[in-house]
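Okay, so here's the structure we're looking at.
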Amino acid sequence: MSALRALFIGGNGTISAASSRLAVEQGIDLTLLNRATSSRRPPIEGVSSLVGDASDPESLRAAVGTREFDVVVNFQSFTSGQAAADVNLFTGRTAQYVYISSASAYQKPVGRLPIAESTPLRNPFWQYSRDKIASEDVLVTAYRDRGFPVTIVRPSHTYDETSIPLDGGWTIIDRMRRGEPVVVHGDGTSLWTLTHTADFAQAFVGLLGHPKAVGDTFHITSDEALPWDEIATTLGRAAGTEPTIVHVASDRIARSIPEWGPGLIGDKAHSVVFDNAKVRSLVPAYRATTPFWVGARQIIDWYDADASRRVVDAELNGRLDALIAEAR
């Protein structure tokens, strides 16, 4: 049997790098298409490479040329226009097109837990999520009207060793180590699901080339749901300290640090717990095996290994100090 030929548009990111490595390990003939820019992750060994800009349909078309693939995955599509361009480009040239959407597209406020793929899509708070919903609409219509072979995958908060799952990144870890308080939204008890990229990859690669995945939608997450206070405390302990947490209402944080607002009000402020039965129906062996306390140690070790990674934002520190002073 010949190897599955796959194209990953964007293949060395937080979500995609582990999937790329696993695909190669499983014998998939993998081509990655990326812009000619450096990545903080090591190159993926054993792949072919194309250079193109996923946000520019003409650049993408030129990079792909006349090539055909058994599977095309787009990790870098964020608008309905990009989705429509991909339908035009890949119709008749792939047996499966996998669109990476987002679990943030699910109904907010959350109406019922656990979240399943049948949960309505509606997010009035975050444009990113609305754009993902609009893109899904384009692709579902193409499947219904033209038989375009789409599979939609909705990751939730997926992380690797390079990504600190707290707004503010290393600045927050630095505050913890200096004994400065850190902000957690609400009362710290809302539940959040963090999925290690290596776990995501196990289920994701299992969907590639699977005929029953075509025309369907799946989310892929861990089954571990943690309160935000525990997430912050786990990171602090991995960094060798016990953090001081100050609780601040989500809307107040959004007003003080507007760039955090859409993702906070539109996603993180809500408890999210997922039912992964659907993806397991096609990938029965899938189990997320990396608890966050292990992932937290990987994150801190990665940042501690190179001082250039430990960037502190002085301006953000000032805004956090003012926010905490107001809350106390």
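Where a number appears in this text, it was derived from the coordinates with a stated rule and is not lab data. As the structure is a computational prediction, the values presented were derived from the model and not from experiment. Because the Cβ atoms are built from the backbone with ideal geometry, glycine has one as well, and the counts that use them run over all protein chains shown.
For a modelled paramagnetic label at R252, 7 Å from Cα along Cα-to-Cβ, the residues of the stretch 166-187 in reach, with backbone nitrogen under 18 Å, are 181-187. The angle between the Cα long axis of helix 16-25 and the main principal axis of the chain comes to about 50°, on a 0 to 90 degree scale.
Here the contact order of the chain, divided by its residue count and restricted to Cα pairs under 8 Å and six or more residues apart, works out to 18 percent.
Note: relative contact order over the stretch 15-109, using C-alpha pairs below 8 Å and six or more positions apart, is 21 percent.
Computed from Cα atoms, the angle from the helix 127-146 axis to the main principal axis of the chain rounds to 20 degrees. Could you pull out every one of the lysines with an alpha carbon less than 16 Å from that of K268, ignoring same-chain neighbours closer than 8 positions? Answer for K268, where 16 Å is the Cα cut-off: K108, listed by chain and number. Each residue, R40 and R146, gets one label point 7 Å from its Cα in the Cβ direction; the gap between the two is 3.8 nm. Paramagnetic label reach from W293 (point 7 Å along Cα→Cβ; backbone nitrogen cut-off under 19 Å): within the stretch 231-247, residues 231-244. Rounded to the nearest 10 degrees, the angle from helix 80-90 to the longest Cα principal axis of the chain is 30 degrees. Label-to-label distance, S118 versus D56, with points set 7 angstrom from Cα along the beta-carbon direction: 4.5 nm. Here's the list of lysines a cross-link from K212 could span, going by alpha-carbon distance under 24 Å and ignoring same-chain residues fewer than 8 apart: K132, K278.
The alpha carbon gyration tensor of the stretch 233-305 gives principal lengths a ≥ b ≥ c with a/c of 1.5 or higher and a/b no greater than b/c, which makes the shape oblate.
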